[in-house]
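Just below is one structure, and these are the notes that go with it.
The values are calculated or read from the model by the stated rules, or taken from the named source; none is laboratory data. Remember, predicted model here, so these are calculated numbers, not experimental data. All Cβ positions, glycine included, derive from the backbone under ideal geometry; neighbour counts span all protein chains shown.
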Amino acid sequence: MIEKELISGRVSECVHGSLLGYPPGPKYLDIIDGEDFGLLKLRTNGLAVITERQVFPAGGGQIDEIACPHCGADNTEADWADAIERWDKRQADNLQCGECRKEASIVDYIFRPFWGFGDLGLEFWNWPNLTPKFLSDLKEVMGCDIAVIRGRL
């Protein structure tokens with residue numbers, strides 16, 4: 001992304017929290033789907049690269065439903081936080097559904113709003129929607145599925 005000038009090669013305090021991020025580069029508009037809504041005028045407008053295991057919650061961490069991958073039953077009342085903690089520690093992270101009693105990894109449960117689990121995350125702070133082509137190209141470069149998670153603090 002630096003080589004294509006989508007982001008700057010210099011890091012700065014352009015992301016939320018204590019991380020440093022990469023500000024938009026001269027060609028950032030090439031990957032934005034529509035208007036940029038004044039992205040360059042914002043103090044928080046960069047890309048943070050997360051290179052450690054993390055849960056990426058949408059909607060500020062709100063959970064409306066945690067659906068079982070087997071039967072679809074809602075498991076928000078289950079002990080899912082412990083399963084996430086075990087996932088984070090790379091331990092067995094199965095959660096037993098309260099309805100069908102089948103077990104599955106916590107990452108297979110369907111969180112609504114969507115939550116992602118991964119060892120790499122690209123957080124585009126305050127960026128508008130990214131183009132489908134960019135997301136497709138990113139998936140190809142990564143060599144794995146990617147998930148787009150929209151959230152707010």
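The rows are residues; the columns are (1) in the same structural domain as Cys100 (by TED's automatic domain parsing); (2) in contact with a Lys or Arg (Cβ under 9 Å, 6 or more places away or on another chain).
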| position | (1), (2) |
| --- | --- |
| Met1 | no, no |
| Glu5 | no, yes |
| Pro26 | no, no |
| Thr51 | no, no |
| Glu77 | yes, no |
| Glu85 | yes, no |
How about the range 30-41: which of its residues are touching a residue at least 40 places away in the same chain (Cβ under 8 Å) and either assigned to a loop (DSSP other than H, G, I, E, B) or on the phi > 0 side of the Ramachandran plot (or both)? Asp33, Gly34, Glu35, Asp36, Phe37
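Is it the case, given these coordinates, that Ile31 is surrounded by fewer than 17 Cβ atoms within 10 Å (Cβ to Cβ) and either under 18 Å from Glu123 (Cα atoms) or not assigned by TED's automatic domain parsing to the domain that holds Leu20 (or both)?
Spelling it out, it is not the case that Ile31 is surrounded by fewer than 17 Cβ atoms within 10 Å (Cβ to Cβ) and either under 18 Å from Glu123 (Cα atoms) or not assigned by TED's automatic domain parsing to the domain that holds Leu20 (or both).
Being among the hydroxyl-bearing types (Ser, Thr, Tyr), touching a residue at least 40 places away in the same chain (Cβ under 8 Å) and assigned to a loop (DSSP other than H, G, I, E, B) narrows it down to one residue among Thr76, Thr44; which is it?
Unique residue meeting the criteria: Thr44.
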Would you check if there is a residue in the range 2-12 being buried (at least 19 other Cβ atoms within 10 Å of the Cβ), closer than 12 Å to Glu123 by Cα and of a type in the set (Val, Ile, Thr)? no
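Restricting to the range 50-68, name every residue that is in a helix (DSSP H, G or I) and either modelled with pLDDT of 95 or more or surrounded by 12 or more Cβ atoms within 10 Å (Cβ to Cβ) (or both). Step through it out loud before you land on a result.
From the range 50-68, those in a helix (DSSP H, G or I) are 59-61; that's our starting set.
Matches in the range 50-68: Gly59, Gly61.
Can you name every one of the strands (runs of 3 or more DSSP E) wholly within the range 87-153 that holds 1 or more residues which are without any contact (Cβ under 8 Å) to a residue 40 or more places away in the chain?
94-96, 103-105
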Glu123 meets each of (1) under 21 Å from Pro23 (Cα atoms); (2) modelled with pLDDT under 95; (3) out of contact with any His (no Cβ under 9 Å at 6 or more places or on another chain) with one exception, condition (3)
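Within the group Leu19, Leu39, Leu47, which residue is surrounded by 15 or more Cβ atoms within 10 Å (Cβ to Cβ), in the same structural domain as Leu138 (by TED's automatic domain parsing) and modelled with pLDDT under 95?
On inspection, the qualifying residue turns out to be Leu19.
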